[in-house]
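Chemist: Starting off with a structure, shown below.
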Amino acid sequence: GWDIDNVVASRAEFNAATSLVSHPLTFPLTLGAHLASFLRQRDVIDGHCSTTMKLCCVGARAEATLPTEYWREMLLYSSALAGASNNGSQGGWHWHLDFVGPDISSNLPAKTISLDTADESNCTKEIPWAPNRTLRLRFFKSYLHQYIMSQYKEAKTKCASSDDASGDELEEESSFDLTALLSLWDGFLLFNPGIGHPYLAKGWRPTLRYILTTGKPVIVTAHSQLDSERDWLVIKQTMSELEQGERLSKTIEEAGGDAEANPYQLNPFASRIEYEDPCCDSSDDNKKLVRPNMLVMRIPCNGLTKKEYASSTTEWGNQ
């Protein structure tokens, strides 16, 4: 926990302190607030009973630089998830969070955070109500669509080499499962991505198409009203291009059902540090206000069958 009350002397100092603490905590707590949704959606898609959940944070920037103490708060949040998934597990949950983005520092080592590991003095810090919960963090400096294509090419090369070594002919890549490309993660997280920003939209297009093609649930945040409106226009158009009309309707329905309204909603775990966007020329003061992760939207799973997965993967790979 964060014992702020005992280190500040006035209400003004308290507000300033909570604003500062909320700024880095907005990332792990926003994710923590939606963990149950990821679990339920995975049960719908795959129906498996694993206690390992793999998530991908796409276009990661500041969130990839947070000290592990902040991400530990996400594990504490996850302690309330017993029974959130259909697997009925009362044991530990093991989360994998991969940060992928061109702004990530090179060669960052992977990290594992646990709620019941020993500290430097080898004194075990056990938390009885949250046993065996771990979070594995990995970092990849790359655009997501480029990372996926590199995995695709590497897998094809390995399959071809394996078949050549055995003397067998490559039978239409029968030994390479294309659907694996759509199952690398159980869900996606996009913090303030700027998908619809005029300078960023082109770079996001192939990555967004891949993310939506997987059919996995997606959490997207925006740092302002204008930011969310621009992103939503691109997301809505891309879902229509991919013929995900039912998924689009579910996204709108979960946000209130108004097809003309912006489905983003206020995020209770947004940063409390706010400022005006100097590049916003809107006369609406609300659109000028910027707070990291101010708004959040959940895109539910698409519920694709395995056959549809394979078809979608082939179509995406040919683009």
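The values are calculated or read from the model by the stated rules, or taken from the named source; none is laboratory data. As the structure is a prediction and not an experimental result, all values here were calculated from the model. All Cβ positions, glycine included, derive from the backbone under ideal geometry; neighbour counts span all protein chains shown. Side chains are part of the model used for accessible areas, which takes the heavy atoms of the whole protein and leaves out ligands, DNA and RNA. Shrake-Rupley method; radii C 1.70, N 1.55, O 1.52, S 1.80 Å.
Chemist: List, please: which pairs have Cβ atoms under 6 Å, are six or more places apart or on different chains, and start with a residue in segment 246-263 that is more than 18 Å from Glu229 (Cβ to Cβ) and end with one that is not in a helix (DSSP H, G or I)?
Modeler: Arg247/Asn302; Lys250/Pro300
Chemist: Within segment 192-201, identify whether any single residue is touching a His at 6+ places or on another chain (Cβ under 7 Å) and among the hydroxyl-bearing types (Ser, Thr, Tyr), and answer yes or no.
Modeler: no
Chemist: Would you mind stating whether Thr214 is crowded, with 21+ Cβ neighbours inside 10 Å, at pLDDT below 95 and either at positive phi or under 15 Å from the mean Cα position of the chain (by Cα) (or both)?
Modeler: For Thr214, the condition - crowded, with 21+ Cβ neighbours inside 10 Å, at pLDDT below 95 and either at positive phi or under 15 Å from the mean Cα position of the chain (by Cα) (or both) - is met.
Chemist: If we scan segment 198-206, do we find a residue that is in a helix (DSSP H, G or I) and modelled with pLDDT under 90?
Modeler: no
Chemist: Can you tell me which of (1) at pLDDT 65 or above; (2) under 25 Å from Thr238 (Cβ atoms); (3) crowded, with 18+ Cβ neighbours inside 10 Å is the one Ser271 doesn't meet?
Modeler: The failed condition is (2).
Chemist: Additional query: Taking segment 93-109 as the region of interest, how many residues are part of a strand (DSSP E or B) and over 10 Å from Ala60 (Cβ atoms)?
Modeler: Total meeting the criteria: 3.
Chemist: Can I ask one more? Output the number of residues of segment 235-261 satisfying the condition of being in a helix (DSSP H, G or I), farther than 17 Å from Lys202 by Cα, of a type outside the set (D, E, K, R) and open to solvent by 40 Å² or more (accessible area, probe 1.4 Å).
Modeler: 3
Chemist: If you don't mind, there's one more thing I want to ask. Can you report the number of residues in segment 194-211 which are in contact with a strand residue (DSSP E or B) (Cβ under 8 Å, 6 or more places away or on another chain) and surrounded by fewer than 23 Cβ atoms within 10 Å (Cβ to Cβ)?
Modeler: 0
Chemist: Checking the condition open to solvent by less than 40 Å² (accessible area, probe 1.4 Å) and either at pLDDT below 70 or in a loop (DSSP other than H, G, I, E, B) (or both), which residue from Ala17, Ala12, Ala64 passes?
Modeler: Just one listed residue meets the conditions, Ala17.
Chemist: Right, Arg72: in a helix (DSSP H, G or I) and at pLDDT 65 or above or not?
Modeler: Here the answer is yes, as Arg72 does meet what is asked.
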